[in-house]
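The values are calculated or read from the model by the stated rules, or taken from the named source; none is laboratory data. Please read all numbers here as calculations on a predicted model, not as lab measurements. Because the Cβ atoms are built from the backbone with ideal geometry, glycine has one as well, and the counts that use them run over all protein chains shown.
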Amino acid sequence: MSTFGIVGGTGLDQLQGLHSQQSHLPDTPFGKPSRPIQEGSWHGRTVYFLQRHGAPLAIPPHKINYRANMWAMKHLGVTDLVAINAVGGISAEATTGALVIPNQLIDYTWGREHTIDDGSSGELQHIDFTEPYDAELRKALLAVATAQDIPHIASATHAVTQGPRLETAAEIHRLEKDGCDIVGMTGMPEAALARELKMAYAAICMVVNPAAGRSDEPISLDAMRDTLKQKSLVVAQLLNGLVRAATSGGR
Ligand code: HPA
């Protein structure tokens with residue numbers, strides 16, 4: 001039976017309706033996770049929730065301890081992990097407020113601790129990452145979004161940049177030429193670490209601003225936060241539906 005984990009991003013400090021019963025802050029070989037992991041229950045099933053930016057002080061995307069976060073989730077027994085990412089919209093349909101379930105990514109990050117493979121196993125670990133998001137978990141998310149009439153974009157390429165600054169207009173132009181539809185800063189190395197640790201991983205990306213150069217208005221952090229707040233309820237609804245569907249389907 002699947003055990004769900006959820007990694008929330010900026011603005012998603014709590015999941016509506018998930019009442020925390022206890023929290024866990026395990027020591028991992030890589031240090032502590034960003035924040036205590038909340039254990040709650042939905043439809044009689046344990047769900048673990050972690051805010052990757054920590055609290056009360058926000059950890060910037062390039063300083064997040066992704067390895068500790070993913071290791072902790074794995075060792076709590078998580079089999080299926082859904083990541084929530086705030087992103088900028090590049091392609092025309094990725095307008096502010098859109099929910100996107102990406103099927104591909106391009107990693108533009110650098111200098112992050114990006115693997116748990118330290119070579120000590122003595123075996124080369126070349127994980128297959130052709131499809132960076134788990135097909136079954138994506139299918140389950142898409143089925144819930146469709147059944148609940150939640151508007152969404154069902155496939156997209158997610159560019160993951162280093163940050164913490166936003167991009168230049170020319171960088172966004174390049175990302176578009178590379179085939180990217182949305183751009184965020186926290187999707188990697190999280191997705192690859194989940195694959196190394198054999199957890200199914202999928203993402204729900206919330207478009208919170210037009211990417212650099214895609215609007216006449218300057219990019220405003222306040223406007224991003226407003227969109228995040230408005231959209232967090234529908235994200236919680238989608239996640240709740242995912243757990244309910246797994247429970248009724250015996251998955
Ligand atoms: N670029 C990169 N990361 C982001 C953006 C953006 O425009 N918006 C939210 N996260």
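Filter segment 235-250 down to residues that are surrounded by fewer than 19 Cβ atoms within 10 Å (Cβ to Cβ) and farther than 14 Å from Ala147 by Cβ and give me whichever is nearest to the chain's Cα centre (by Cα). Steps first, please.
Looking only at segment 235-250, we keep the residues that are surrounded by fewer than 19 Cβ atoms within 10 Å (Cβ to Cβ), and these are 237, 244-245, 247-250.
Now narrow it down to the ones that are farther than 14 Å from Ala147 by Cβ: 247, 250.
Numbers: Thr247: 22, Gly250: 25 Å.
Of everything passing the filter in segment 235-250, Thr247 is nearest to the chain's Cα centre (by Cα).
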With Val243, Val235 as the choices, which residue is part of a helix (DSSP H, G or I), in contact (Cβ under 8 Å) with a residue 40 or more places away in the chain, under 17 Å from Lys139 (Cα atoms) and within 15 Å of the ligand (Cβ to nearest atom)?
Val235
Checked segment 1-55 for anything under 21 Å from Gly187 (Cα atoms), among the small types (Gly, Ala, Ser) and modelled with pLDDT under 90; matches are Gly9, Gly11, Gly54, Ala55
Which residue pairs have Cβ atoms under 7 Å apart, sit 6 or more places apart or on different chains, and have a first residue in segment 10-25 that is farther than 12 Å from Asn240 by Cα and of a type in the set (Gly, Ala, Ser) and a second that is part of a strand (DSSP E or B) and modelled with pLDDT of 80 or more?
Gly11/Ala86; Ser20/Gln38; Ser20/Glu39; Ser20/Gly40; Ser23/Ile37; Ser23/Gln38; Ser23/Glu39
Where in segment 109-199 are there helices (runs of 4 or more DSSP H), lying fully within it, with 3 or more residues that are out of contact with any Cys (no Cβ under 9 Å at 6 or more places or on another chain) and away from the ligand (no atom under 16 Å from the Cβ)?
135-147, 190-196
Options Ile116, Ile59, Ile106: the member that is among the β-branched types (Val, Ile, Thr), closer than 15 Å to Val7 by Cα, touching a residue at least 12 places away in the same chain (Cβ under 8 Å) and surrounded by fewer than 20 Cβ atoms within 10 Å (Cβ to Cβ):
Ile59
Of all residues in segment 126-157 being surrounded by 14 or more Cβ atoms within 10 Å (Cβ to Cβ) and charged (D, E, K, R), which is farthest from Val87 (Cα to Cα)?
Asp134
Residue within segment 27-42 that is under 20 Å from Ala236 (Cβ atoms), part of a loop (DSSP other than H, G, I, E, B) and without any contact (Cβ under 8 Å) to a residue 24 or more places away in the chain present:
yes
Which condition breaks for Ile204 when tested against (1) within 16 Å of the ligand (Cβ to nearest atom); (2) part of a loop (DSSP other than H, G, I, E, B); (3) under 15 Å from the mean Cα position of the chain (by Cα); (4) not polar (S, T, N, Q)?
(2)
Does at least one position in segment 211-224 carry a residue that is assigned to a loop (DSSP other than H, G, I, E, B) and of a type in the set (Asp, Glu)?
yes
Would it be correct to say that Leu81 is touching a residue at least 24 places away in the same chain (Cβ under 8 Å), within 16 Å of the ligand (Cβ to nearest atom), buried (at least 16 other Cβ atoms within 10 Å of the Cβ) and of a type in the set (A, V, I, L, M)?
no
